[in-house]
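Visitor: Provided herewith is a single structure, encoded as structure tokens, for subsequent inquiry.
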């Protein structure tokens, strides 16, 4: 408020009669560096020593007001360095003895200071030689003034594969910028900037793999028994783009699994080092699975997995067990030996289904597990009805059967 009052007071002077023969002069520089003391002088003929002159400096940051007095028809205004720190154009208005003189000059910004850290966006682009990002810097001098238009900035770009590029740009409207074009090798690109002796930190730009090309799949082990228990590991080949860049870790791969009956499941996985894995559990009966992997709508070649009969093969004996003190009060049945395709015991812990059916149609089912090639089933005698029974035992594609009479 004080500045405004002083300024209005200075502008209201000059109501006295103005002598057209007298000329007020003002000597100001066309350009002056910021942060340096500034001297502006004026001259007026036939002015008494001690007469007050007033100077108003109008810049983009506001108004500064100064007073001084004439001596030998000369007047000098000394502006201290701390009041010349704002860059930009300044209009000087000099008033004395009812006369006014104007001058316009520029406060020139200083040199760029560190750090010059590039702003890069987008931060991720595709390494296909066609996409690009923008790197910009907004350089300032030590007084926080934007550097003048036309200042040369050097951008250095270090691409994956030891590809080094250097570009020149000039500041305009506060900013220096350039386009960073992708190459064809994925990885981290580093962008730095320099103006004169001012440097800064590097900024990372990620160049990622492009759209993948079709891939293949394998499984291990190749032959799996349809026992509802075993696993086969499905594995993709390394998934890459047309330039051989590996898909980023965590890329979603969807495995579409379809059996012979047309039942379909979609099972997700993610890549690690370009590979995706899927543990696939064997079904309970022999069948064929068709597996197709998809990444961004790009499909693999179909993988055919045949699940063989088993774990037990063919018919096996089922007998009524006798003299087992552990099952006193129970009727016990023993199935086995349960053998696989190479006449070996099936794996311990394989599920074995016992189905006991009375002549009336009443059925009892219980699942036990195999132990050393045999399976034992026990049922409380008190719960059995008098009459004929049929006992059927199932292990994969293997089957055993026993008929007997109870209570007659």
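Quick note: the coordinates plus some simple rules give every number you see, no bench work behind them. Bear in mind the structure is a predicted one, so any value in this text is a computation, not a measurement. Methodologically, a virtual Cβ is constructed for each residue, glycine included, from the backbone with ideal geometry; neighbour enumeration extends over all protein chains shown.
Visitor: Beyond 18 Å, what share of the Cα-Cα pairs of region 217-308 remains, rounded to the nearest whole percent?
Guide: The calculated P(r) of region 217-308 puts 42 percent of pairs beyond 18 Å.
Visitor: Next up: Just rank 46, 227, fewest to most, by other beta-carbon atoms within 10 angstrom.
Guide: 46, 227
Visitor: Kindly put 159, 173 in sequence by how many other C-beta atoms sit within 10 Å of each C-beta, fewest to most.
Guide: In order of increasing Cβ crowding within 10 Å: 173, 159.
Visitor: Let me ask something else about it. Among bridges DSSP assigns within the chain, what percent are antiparallel (round to 5)? Spell out each step's value before the answer.
Guide: Numbers: 128 of 138 bridges.
Of all bridge pairs located within the chain, approximately 95 percent are antiparallel.
Visitor: By average Cβ neighbour count within 10 Å, what is the ranking of 103-109, 197-203 from highest down?
Guide: Numbers: 103-109: 18.3, 197-203: 15.6.
The peptides rank, most packed first, as 103-109, 197-203.
Visitor: Counting helices only, and only those DSSP H runs with n ≥ 4, report the 222 nm mean residue ellipticity of the chain as the sum of -39,500 (n - 2.57) divided by its residues, in deg cm²/dmol to the nearest 500.
Guide: -1000 deg cm²/dmol, from helical runs alone.
Visitor: Here is a further query. Throw me the Rg/Rh for region 125-183, computed over C-alpha atoms with Kirkwood Rh, two decimals.
Guide: With Rh from the inverse mean 1/r over Cα pairs, Rg/Rh is 1.07.
Visitor: What share of Cα pairs, in percent, lie more than 20 angstrom apart in region 318-406?
Guide: 33
Visitor: If neighbour count is taken as other Cβ atoms inside 10 Å, put 178, 247 in order from fewest to most.
Guide: If I rank by nearby Cβ atoms, fewest first, I get 178, 247.
Visitor: Give the Kirkwood hydrodynamic radius (Å, one decimal) of the chain, defined as one over the mean of 1/r across all pairs of different Cα atoms.
Guide: Across the chain, the inverse of the average 1/r is 30.8 Å.
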